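What follows is a short report on a single structure.
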Amino acid sequence: MNPFDYTVAPSVDAAVAALGAAGWPPKVLAGGTTLVDLMRLNVEQPAAVLDINRIPGLDQIDTQRPDELVFGALARMSDVADDPLVRRDYPVLSESLWRAASQQLRNMASLGGNLLQRTRCAYFRDRQYPCNKREPGTGCSALGGLNRGHAVLGASDQCIAVYPGDLAIALVALDASIDVRGASGARTLKVADLHREPGQTPNRETAMAPDELIVRIRVPKSRFGKASTYLKIRDRESYAFAIASAAVALDMNGDVVRDARIAVGGLATRPWRVQAAEQSLLGKPFTTAAAAQAGRLALQGAVTRPQNAFRVELGANTVAEALEIARGRA
């Protein structure tokens, strides 16, 4: 790990000012569960680190508003996952957090930091291999290397790394938004618009400016909540990234699907909402065949390589099974 300057921000205004100062912006330290790991590997080599953990109010959890759930950016994953109302009325959120990491990591990791974790693969983490995300223009080692765990949706000829988070998949399914603050002021954007596909600039992963800071996450309250689930398939049951996951929420009128929300993870370069799959269910009775068809539609457009082709069928089956679970909860 290289030497770096360490600063503690006492307020959001102070943090924004530090992020917008002349020179290379500092890396923000919240839980540090990804940043510190990448710094130890010398993948991240910041000249400065900005600690935001002492900013008052950013750890709030407010589930009592009539129209939305509000989570501060510093709310810890374990606290939100175990909130009684979240567990009862929004299982897709609780399950996405519980299945994301070990208990130790959940106790440290913040919601804002989890959303902004780097999209990465083993080649990104190992500096002996070329990586366009780490050093633009050097090439993507995964294209001709070991790519079993790489993306089949949203990839480019520059990068095929999978977005590794779980929470963002659930938030996209629930139409959640984030409030951010920067030198230009405050703005709100959909979580679905936060992450970028790699295209020709895989080093640019989000729509946020370098001087912007997430301050809160907003989740609309809706009747989707209870009939929801986050299903995560992984190589081992203990903490591991998904090889396929699905966040599903349903609004049922008897046996008929009035509305549906479906997003997939572990398969794409960003959180991936699949509106064609949602539309296929609307206004029709829920059946196992309809769930299977929605699963197939969710993987439309997938581009595979020899080692990851199995993930298309796995992803489709994951969506179908998640729909069956959500239907049972309706």
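The values are calculated or read from the model by the stated rules, or taken from the named source; none is laboratory data. From a predicted model like this one, the values you see are computed outputs, not experimental measurements. Cβ placement follows ideal geometry from the backbone for every residue including glycine, while neighbour counts extend to all protein chains displayed.
On the stretch given as the range 123-157, residues that are surrounded by 19 or more Cβ atoms within 10 Å (Cβ to Cβ), touching a residue at least 40 places away in the same chain (Cβ under 8 Å) and part of a loop (DSSP other than H, G, I, E, B) total 10. Restricting to the range 220-233, what's the tally of residues that are out of contact with any helix residue (DSSP H, G or I) (no Cβ under 6 Å at 6 or more places or on another chain) and either more than 21 Å from PRO164 (Cα to Cα) or surrounded by fewer than 20 Cβ atoms within 10 Å (Cβ to Cβ) (or both)? Qualifying residue count, the range 220-233: 5. Residues that are buried (at least 18 other Cβ atoms within 10 Å of the Cβ) and under 30 Å from ARG218 (Cα atoms) within the range 35-45 comprise LEU35, LEU38, GLU44, listed in sequence order.
Looking only at residues in the range 57-79 that are within 20 Å of ARG223 (Cα to Cα) and touching a helix residue (DSSP H, G or I) at 6+ places or on another chain (Cβ under 6 Å), the one that is surrounded by the fewest Cβ atoms within 10 Å (Cβ to Cβ) is THR63.
Please go through the range 188-213 and pick out each residue that is in contact (Cβ under 8 Å) with a residue 24 or more places away in the chain, over 14 Å from the mean Cα position of the chain (by Cα) and in a strand (DSSP E or B). Those that are in contact (Cβ under 8 Å) with a residue 24 or more places away in the chain, over 14 Å from the mean Cα position of the chain (by Cα) and in a strand (DSSP E or B): THR188, LEU213. Checked against the criterion of being assigned to a helix (DSSP H, G or I), surrounded by fewer than 23 Cβ atoms within 10 Å (Cβ to Cβ) and at pLDDT 95 or above, the candidates GLN293, GLN300 yield just one match: GLN293.
Would you please name the residue that is farthest from the chain's Cα centre (by Cα), looking only at residues in the range 72-82 that are among the charged types (D, E, K, R) and closer than 20 Å to PRO56 by Cβ? Can you show your working first?
Of the range 72-82, the ones among the charged types (D, E, K, R) are 76, 79, 82.
If we keep only those that are closer than 20 Å to PRO56 by Cβ as well, we get 76, 79.
Working: ARG76: 15, ASP79: 18 Å.
So, considering only residues that are among the charged types (D, E, K, R) and closer than 20 Å to PRO56 by Cβ, the one farthest from the chain's Cα centre (by Cα) is ASP79.
Scanning the range 12-34 for residues that are surrounded by 18 or more Cβ atoms within 10 Å (Cβ to Cβ) and either small (Gly, Ala, Ser) or without any contact (Cβ under 8 Å) to a residue 60 or more places away in the chain (or both) yields a total of 8. Scoring ARG54 on the criteria (1) loosely packed, with under 14 Cβ neighbours inside 10 Å; (2) of a type outside the set (Asp, Glu); (3) not in a loop (DSSP other than H, G, I, E, B) leaves a single failure, condition (3). Only a single item in (1) in contact with a strand residue (DSSP E or B) (Cβ under 8 Å, 6 or more places away or on another chain); (2) surrounded by 17 or more Cβ atoms within 10 Å (Cβ to Cβ) is not met by GLY283, and it is number (2). Please specify each residue of the range 12-40 satisfying the condition of being polar (S, T, N, Q) and over 16 Å from ALA75 (Cα atoms). Result: THR34, single match.
Among what's in the range 239-257 and is small (Gly, Ala, Ser) and in a loop (DSSP other than H, G, I, E, B), pick the residue that is surrounded by the most Cβ atoms within 10 Å (Cβ to Cβ).
In this case the residue turns out to be ALA242.
ALA268 satisfies every condition listed in (1) within 30 Å of VAL49 (Cα to Cα); (2) among the aliphatic types (A, V, I, L, M); (3) in contact with a helix residue (DSSP H, G or I) (Cβ under 8 Å, 6 or more places away or on another chain); (4) surrounded by 18 or more Cβ atoms within 10 Å (Cβ to Cβ) except (3).
Only one entry in GLY182, GLY165 is in contact (Cβ under 8 Å) with a residue 24 or more places away in the chain, within 15 Å of ALA244 (Cβ to Cβ) and of a type in the set (Gly, Ala, Ser), namely GLY165.
Applying the set (1) of a type in the set (Val, Ile, Thr); (2) touching a residue at least 40 places away in the same chain (Cβ under 8 Å); (3) in contact with a Leu (Cβ under 8 Å, 6 or more places away or on another chain); (4) farther than 25 Å from PHE310 by Cα to VAL86 leaves exactly one unmet item: (2).
So, ALA73, is that one at pLDDT 95 or above, in contact with a Gly (Cβ under 9 Å, 6 or more places away or on another chain) and closer than 22 Å to VAL191 by Cβ or not? Yes, satisfied. For the range 83-122, filtered to residues that are charged (D, E, K, R), assigned to a loop (DSSP other than H, G, I, E, B) and at pLDDT below 95, the residue that is surrounded by the fewest Cβ atoms within 10 Å (Cβ to Cβ) is ARG118.
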